1. Would you pick out the residues in the range 26-44 that are surrounded by 13 or more Cβ atoms within 10 Å (Cβ to Cβ) and without any contact (Cβ under 8 Å) to a residue 12 or more places away in the chain?
2. With exposed (fewer than 14 other Cβ atoms within 10 Å of the Cβ) and modelled with pLDDT under 90 as the only criterion, which of 82, 136 stands out?
3. Can you confirm whether residue 23 is over 18 Å from the mean Cα position of the chain (by Cα) and either without any contact (Cβ under 8 Å) to a residue 60 or more places away in the chain or exposed (fewer than 12 other Cβ atoms within 10 Å of the Cβ) (or both)?
4. Scan the range 114-142 for residues that are away from the ligand (no atom under 16 Å from the Cβ) and either without any contact (Cβ under 8 Å) to a residue 24 or more places away in the chain or not in a loop (DSSP other than H, G, I, E, B) (or both) and jot them down.
5. Filter the range 108-133 for residues that are crowded, with 17+ Cβ neighbours inside 10 Å and more than 13 Å from residue 93 (Cα to Cα) and give the result.
6. Touching a strand residue (DSSP E or B) at 6+ places or on another chain (Cβ under 6 Å), modelled with pLDDT of 50 or more and in a helix (DSSP H, G or I) - does that describe any residue in the range 88-103?
Ligand code: SF4
């Protein structure tokens, strides 16, 4: 997928950050004392920060490439055809009965996961618009990546992808 050296380096950075996160979790699970807890807490924190920064940089490169490609591609235009985009527009849904209110999703992706006034987690009303353009194309790979990260780390295992909640005709 990545051909340029700079992109390969960014991808490698993401893999290193993933290893940091994995080691931090393993280290914490097998820790001997509170010192280990502090160490692996730092490692986890830095792993997430590093990953986020590398993903943002990678997405900027992808965006640049996409813009370049769009100038030479004939993008199908669906406006006015009445075609439903629901099958393109997956968005996260939360099974609130399983949510343990750990707030991880809000920490990882505050643009999409919101804590409401009652203290429960909900998906932002405009989540689909934040994730896709009117043609159903993802517009923010970083945001998608953050949602996937939230799904992966959800303590209640209660975030899933729903393809039908946001049906949109154009
Ligand atoms: S990560 Fe999962 S369990 Fe934790 S607050 Fe979000 S939805 Fe609830």
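The values are calculated or read from the model by the stated rules, or taken from the named source; none is laboratory data. None of these values were measured; they are calculated from a predicted model. Methodologically, a virtual Cβ is constructed for each residue, glycine included, from the backbone with ideal geometry; neighbour enumeration extends over all protein chains shown.
1. Of all residues in the range 26-44, those surrounded by 13 or more Cβ atoms within 10 Å (Cβ to Cβ) come to 27-28, 31, 36-37, 39-41, 43-44.
Correct list: 31, 36, 37.
2. Numbers: 136 fails: exposed (fewer than 14 other Cβ atoms within 10 Å of the Cβ).
That would be 82, the only listed residue that is exposed (fewer than 14 other Cβ atoms within 10 Å of the Cβ) and modelled with pLDDT under 90.
3. Working: over 18 Å from the mean Cα position of the chain (by Cα): yes; either without any contact (Cβ under 8 Å) to a residue 60 or more places away in the chain or exposed (fewer than 12 other Cβ atoms within 10 Å of the Cβ) (or both): yes.
Yes.
4. Looking only at the range 114-142, we keep the residues that are away from the ligand (no atom under 16 Å from the Cβ), and these are 125-126, 128-142.
Within the range 114-142, 125, 126, 128, 129, 130, 131, 132, 133, 138, 139, 141, 142 qualify.
5. 108, 109, 131, 132 - these are the residues of the range 108-133 that are crowded, with 17+ Cβ neighbours inside 10 Å and more than 13 Å from residue 93 (Cα to Cα).
6. No: zero hits.
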